[in-house]
Amino acid sequence: MSQEMGRTEKSVRNMKFAMIAQLVTMILTFVSKPVIINLVGFDAHSINSLFTQVISAISLAEMGVGSAIVYNLYKPLAEGDHKKVSELMNLFRTAYWAIGAATMVIGLALTPWLQYLIKGIENYEFSYIRIAYLMFVFQSATSYLFSYKASLLQADQNAYLYTIVSTISRIIGTVIALIMLAITREYLVFLGVNIVQSIASNAYASRVVDKAYPYLNRKDKLSREDRKSVFANIKNLFIMLFAGKVVDSTDNLLISALVSTILTGVYANYITVTAVFKQLSDKLMAATSASMANLFVTEDTEKKITNLERMTFIFYVYASFASVGTYICVQPFVKMWIGNQYLLNMQQVAMICILCFVSIVFEPLKNAMFLTGDFIIGRNISFISAMTNLIVSIILGRKIGLVGILIGTMCTYLIEVVAKTYFLFRDYFKTSAAGYAFMWVRMSLVFAAEIAAMHFINEVIALPTLADFLVKGVISVVVTAIVITLVFGRTDPFKFTVEFAKMSLNKVLRKVGLSRGA
C-alpha cells in the first residue's frame with residue numbers, strides 16, 4: 001500500500017507542475033501569436049509554423065534514443081544502481097551529441113529543397129526564408145547538447161524539476177523576444193532570442209541534474225553486451241515511434257506542399273488550441289509513466305489491466321471536455337484572437353477535434369505497450385500505420401485538400417489503437433481484449449453523440465462573438481459532464497476518476513491552506 005501511495009504522491013506532484021507549466025505555455029502562446037502576426041505579418045507566422053514542423057520531422061533521429069533512456073533507466077534507478085545509471089547516461093550523452101551533429105547535417109542537406117515546400121509567400125525573399133530555416137536547424141541541433149539529462153528526471157519521477165527550469169526560462173525568453181520584435185520589427189531577431197533562450201535553458205537544466213545526481217560525473221562505460229541490448233532497443237523504438245512523428249510532423253508539410261503555405265498558418269492557429277490540450281496530456285502521461293512502469297514490474301495482470309482501464313478513462317474524460325469544447329468554441333475564439341479572415345470550415349474543425357480526442361485517449365494504451373518492452377511488434381505496427389498515413393494523406397490531400405490529409409492521419413490512429421490493443425492483451429496480459437475494446441467503442445460512440453449535439457446547438461445558437469464563446473463553452477461542459485455521468489457513472493473507472501480528482505484537489509487545497517484539515 002505504501003509503495004502505491006508513493007507512486008501516487010510522485011505522480012500528483014509531477015502532474016501539478018505539469019499543469020502549471022502548461023497553463024503558462026498556453027498564455028505565452030496565445031499572447032505571442034497575434035503579436036507576431038501584427039508586428040511582422042501572417043506570412044512570417046506561416047513560415048514559423050511550417051519550419052517548426054520541418055524541424056520536428058528531421059528530428060526523427062532522436063526518436064528511440066530518448067525513449068530508450070527512460071526505459072533502460074527504470075530498473076537501475078529502482079534498485080539504486082548508481083554505477084549502471086552513470087554508465088547509461090554516459091552512453092546517451094555520446095548518442096545525443098552525435099544526433100545533434102546529424103540533425104545539423106540533415107538540415108543543411110535539405111536546404112536546396114525548401115522551395116518545394118513554400119507556396120503563396122509574397123512578403124519575403126527566398127534568401128530571407130532560407131536564413132530563418134537555418135536558424136531553426138541550429139537551434140534544434142544545439143538543443144541535443146544537454147537535453148538528454150531531462151530523461152533521467154522523468155525516469156526517476158522527478159520531472160517537475162525540469163518543468164520548473166524550462167517554464168521560467170520560457171517566460172523570460174518569450175518576453176524578451178517579443179520586446180525585441182516590437183523594437184526591431186525583424187523576425188530574424190525574434191528567432192535569435194529564441195536560440196539564446198533554448199541554449200541557456202538546457203544548460204541550466206543540465207546543472208540542476210548534475211547537482212541532483214552527483215554520481216553522474218563518473219566515467220563509467222557500459223559493457224559491450226549491455227550496449228548491444230540498448231542499441232537494439234533504440235533501433236526498434238525508432239521505427240515504433242516513427243508513426244507518432246509522422247502524425248505530428250507531416251501534416252503541415254503536406255498542407256504547404258499540396259495546398260498552400262498560408263493555409264498552414266491558418267491550420268496552425270487551430271492546432272495551437274488543440275495542442276494546449278494534447279501537450280498537457282503528454283505531460284500528465286510523462287508524470288505518471290514512471291509510476292505506471294513500477295506497477296507493471298511489481299503487480300499482477302489483473303491489477304495492470306485495471307490500471308490501464310482507469311488511466312484510459314481518465315484521459316477519455318479529459319479528451320471529451322477538451323475536444324467537445326473546442327469544436328463548439330474554437331470559431332468564436334479564433335475570431336477574437338486572430339480575426340475573422342483566418343477561419344476554417346466546420347468540417348475541417350470537426351476532423352481536428354476528432355484527431356485531438358483520439359490522440360489523447362490513446363496515450364495510456366501507447367504507454368502500456370511501451371512498458372512491455374516488446375518493441376519489435378510495436379515497430380511493425382508503427383511502420384505500417386506511418387506508411388498508410390502518408391499514402392492516404394497524399395492521395396486524398398490532392399483530391400479534397402486539408403480534410404483528406406487529416407483522414408490520412410486518422411488512419412494512423414485507427415491502426416495503432418486496434419493493433420496495440422490486440423497484441424498487448426494477447427502477448428502480454430494473455431487474456432481477451434474484448435472488455436477493453438468494448439470500452440473504447442462505448443467511449444467513441446458517446447463522443448460522437450456529444451459532437452452531434454454540439455453541432456445542433458451551434459446551428460441553433462448565434463450570439464455576438466464573446467457571448468457565443470462563453471455560452472457555448474458552458475453548454476459544452478454541462479452536456480459533456482451529464483452524458484459521461486449517465487453512461488459511465490456506475491463503472492469502476494468512473495468512480496476511480498472521481499476519487500482521484502478529489503484527492504488531487506484536496507492536495508492543492510491543503511497547499512494553500514483551504515482544506516478542512518488546514
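Taken together, the values in this text are just the output of simple stated rules run on the coordinates, not laboratory data. Computed from a predicted model, the values in this text were never measured in an experiment. Here the Cβ is made from the backbone with ideal geometry for all residues, glycine too, and neighbour counts use every protein chain on show.
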- line: Rg from C-alpha atoms of segment 143-192, normalised by the globular rule of thumb 2.2 N^0.38 Å, equals 1.51
- prompt: Which value results when the Cα radius of gyration for segment 319-432 is divided by 2.2 N^0.38 Å?
  reply: 1.28
field: Charge sum, other residues only, whose C-beta stays under 15 Å from Val259's C-beta, Lys/Arg counted +1 and Asp/Glu -1
entry: +2
field: Tail fraction, Cα-Cα pairs, segment 1-223, threshold 24 Å, whole percent
entry: 51 percent
Debye intensity ratio in log₁₀ form over the Cα atoms of segment 299-518, taken at each q of 0.08 Å⁻¹: -0.36
message: If you average 1/r across every pair of different Cα atoms in segment 107-197 and take the reciprocal, what Kirkwood value do you get, in Å?
response: 15.4 Å
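Tally Lys and Arg at +1 and Asp and Glu at -1 over the other residues with C-beta under 10 Å from the C-beta of Ile381: what net charge comes out?
Taking every Cβ under 10 Å from that of Ile381, the sum is +1.
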- line: In whole percents, the bins of 20 Å from zero upward hold the Cα-Cα pairs of the chain as 20, 58, 21, 0
- line: Net charge near Gly404 (other residues with Cβ under 14 Å of its Cβ; Lys, Arg +1; Asp, Glu -1) is +1
task: Tell me what the chain gives for mean residue ellipticity at 222 nm when only DSSP H runs of n ≥ 4 count, each as -39,500 (n - 2.57), the sum divided by the residue total, rounded to 500 deg cm²/dmol.
output: -29000 deg cm²/dmol
